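Participant: Structure provided below as structure tokens; questions to follow.
The values are calculated or read from the model by the stated rules, or taken from the named source; none is laboratory data. None of these values were measured; they are calculated from a predicted model. Reconstructed Cβ throughout: ideal geometry from the backbone, glycine too, with neighbour counts over all protein chains shown. Areas reflect the complete protein model, heavy atoms only, side chains present, ligands, DNA and RNA absent. Shrake-Rupley method; radii C 1.70, N 1.55, O 1.52, S 1.80 Å.
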Amino acid sequence: MIKFTLVTVTYNAADTFMPTAESVLNQSYADVEHIIIDGASTDDTLQMARDYRLRNQQSASRHEIVIVSEPDKGLYDAMQKGLNRATGDYICFLNAGDRLADADTLLTIADKIDTEHKPGVLYGDTDIIDAQGRFLSHRRLAPPEHLTWRSFRQGMLVCHQAFYALTDIARQEPYDQQFHYSADVDWCIRVMKRCEQQQRELVNLHTVVCHYLREGQTTLHHRASLRERFSVMVRHYGWLTTIAMHMWFAVRAVFKKPQ
């Protein structure tokens, strides 16, 4: 069987952790590793994670739950720890507050995998939810039918939580921790570049695989995130392409502005 590793990074996430954990606990697919990288929380997050692990042991799913709690150097340092520890065939990062779309999400993804010629990435759609799990909207940027590393010139068309990367490839591309808010964008592009080099397919799942919590690091630090994303685009696409695309973003925003 294909094994999935889901990594959840937490720090004082007592208000958001359990819906994420429940969405993993309820998966009908059996071979799941859930790695929780906690940054030495001072609230009830760690105890919640331990209670979740105990519930999992008593449930029919019996997934593998790994809990690490120690100080870290920020979000992407914690995510790198999860990547280093992953033992699954595929890895995905599911933030505290985000949820798998339904109980059969991982089963649906597994059914799309050719085990003889494993895809480098499997990617899907995302819905935006509020803190109570209520649907707000479909994500504005939709994944293209045929994704390549060049696709992200138009923005991050696939969100991190809907991006399942072959772990062997993902581990070859550590997070660049000079970025504080956009290292995930840079990482996804580099993973897709490596897939192209290795002639690994990127597979569109044609379904919603994640419910994404509206408030996150990039929305709380929107301006700094935009500056970092500009730097990421320059790194991969060059100055001319990046400036041209941002001019197009500005024009598009004007025409889409409500009257």
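Participant: Does residue 214 satisfy the condition of being open to solvent by 50 Å² or more (accessible area, probe 1.4 Å), within 30 Å of residue 111 (Cα to Cα) and modelled with pLDDT under 90? Break it down stepwise before answering.
Facilitator: Working: open to solvent by 50 Å² or more (accessible area, probe 1.4 Å): yes; within 30 Å of residue 111 (Cα to Cα): yes; modelled with pLDDT under 90: yes.
The answer is yes for residue 214.
Participant: Any idea which residue in segment 45-84 is modelled with the lowest pLDDT, counting only those that are loosely packed, with under 15 Cβ neighbours inside 10 Å and among the charged types (D, E, K, R)?
Facilitator: 62
Participant: Still on this structure: Take the conditions of a type outside the set (Ser, Thr, Tyr) and either exposed (fewer than 15 other Cβ atoms within 10 Å of the Cβ) or under 23 Å from residue 107 (Cα atoms) (or both) and apply them to residue 191. Does it pass?
Facilitator: On the way: of a type outside the set (Ser, Thr, Tyr): yes; either exposed (fewer than 15 other Cβ atoms within 10 Å of the Cβ) or under 23 Å from residue 107 (Cα atoms) (or both): no.
So residue 191 fails the test.
Participant: Note down all Cβ pairs under 8 Å where the first residue falls in segment 87-109 and is among the acidic types (Asp, Glu) and open to solvent by 10 Å² or more (accessible area, probe 1.4 Å), the second is assigned to a helix (DSSP H, G or I) and modelled with pLDDT of 95 or more, and they're at least six residues apart or on different chains.
Facilitator: Matching pairs, first to second residue: 89/167.
Participant: Right, something else. Answer yes if at least one residue in segment 17-30 is in a helix (DSSP H, G or I) and over 22 Å from residue 211 (Cβ atoms), and no otherwise.
Facilitator: The first filter runs over segment 17-30 and keeps only residues in a helix (DSSP H, G or I), leaving 17-25.
Keeping just the survivors that are over 22 Å from residue 211 (Cβ atoms) gives none.
Looking for residues that are in a helix (DSSP H, G or I) and over 22 Å from residue 211 (Cβ atoms), one finds none in segment 17-30, hence no.
Participant: For the condition in a loop (DSSP other than H, G, I, E, B) and open to solvent by less than 20 Å² (accessible area, probe 1.4 Å), what is the one hit in 37, 2? Can you show your working first?
Facilitator: Numbers: 37 fails: in a loop (DSSP other than H, G, I, E, B).
Matching residue, one of 37, 2: 2.
Participant: Contact list please: Cβ distance under 9 Å, first residue in segment 8-37 and within 10 Å of residue 96 (Cα to Cα), second residue crowded, with 21+ Cβ neighbours inside 10 Å and among the basic types (Lys, Arg), pairs at least six apart or on different chains.
Facilitator: 19/99; 20/99
Participant: For the structure I just gave you, tell me whether residue 31 is farther than 24 Å from residue 110 by Cβ, surrounded by 14 or more Cβ atoms within 10 Å (Cβ to Cβ) and charged (D, E, K, R). Before the answer, list the steps.
Facilitator: Details: farther than 24 Å from residue 110 by Cβ: no; surrounded by 14 or more Cβ atoms within 10 Å (Cβ to Cβ): yes; charged (D, E, K, R): yes.
Taking the combined requirement at face value, the residue does not satisfy it.
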